[in-house]
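One structure is given below, encoded as structure tokens.
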Amino acid sequence: MISRRRLLAGSAVIFATAGTTYYNITRRNSATSGELDGYEIIRTPEEWQKRLTQAQFAVLRNEGTERSGTSLLLNEKRTGTFHCVACELPTYRSETKFESGTGWPSFYAAIEGAVLTKADYKAFLPRTEVHCRRCGSHFGHIFND
């Protein structure tokens, strides 16, 4: 007869394996389709590295996160339009920018048709990830708070 401890341990292994497999398949599929399908501007990683700073490349192309409070746009108060740094597509108007208290620039609305969103499961809980419609650059996440 199987003990409760062995049953729970076995179940944990099965769920961890299933979760990791699902994450890897989702990540591989989204990276493949996100890089090649539907974007007007397609460049190799080497071409992007030549055009972007190391920090920009880490965030925009590798979906990294800059440290909270370090963005030059955080305290930007001038009237105007924010553009994708990778392809210059106008993405947000200054009147939609707000202080979220998170340490990152926040906007409550993008310019219509400027961004695309996709589900992100990297933290095992679904989040909504935002990308430039033209080149696929990663802008961050949408939070419902």
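Non-local amide H neighbours of residue 133 (under 5 Å, H modeled in plane, Pro and chain starts lacking H): which ones?
Amide H neighbours of residue 133: 115, 116.
Over the Cα atoms of the stretch 85-145, each weighted equally, I'd like the Debye log10 I(q)/I(0) at q = 0.18, 0.20, 0.27 Å⁻¹, rounded to two decimals.
-0.68, -0.83, -1.28
Below 11 angstrom from the Cβ of residue 126, what's the summed charge of the other residues (Lys, Arg +1; Asp, Glu -1)?
Residues near residue 126 contribute +1 overall.
If you find the alpha carbon centre of the stretch 39-63 and of the stretch 124-141, how far apart are they in angstrom?
14
Cβ under 14 Å from residue 97's Cβ, residue 97 left aside: what net charge do those residues give with Lys, Arg +1 and Asp, Glu -1?
Local net charge: 0.
Coordinate-derived values only; no laboratory data. Here the structure is a predicted model, which means the values were calculated and not measured. A quick note on method: Cβ atoms are made from the backbone with ideal geometry, for glycine too, and the neighbour counts reach across all protein chains shown.
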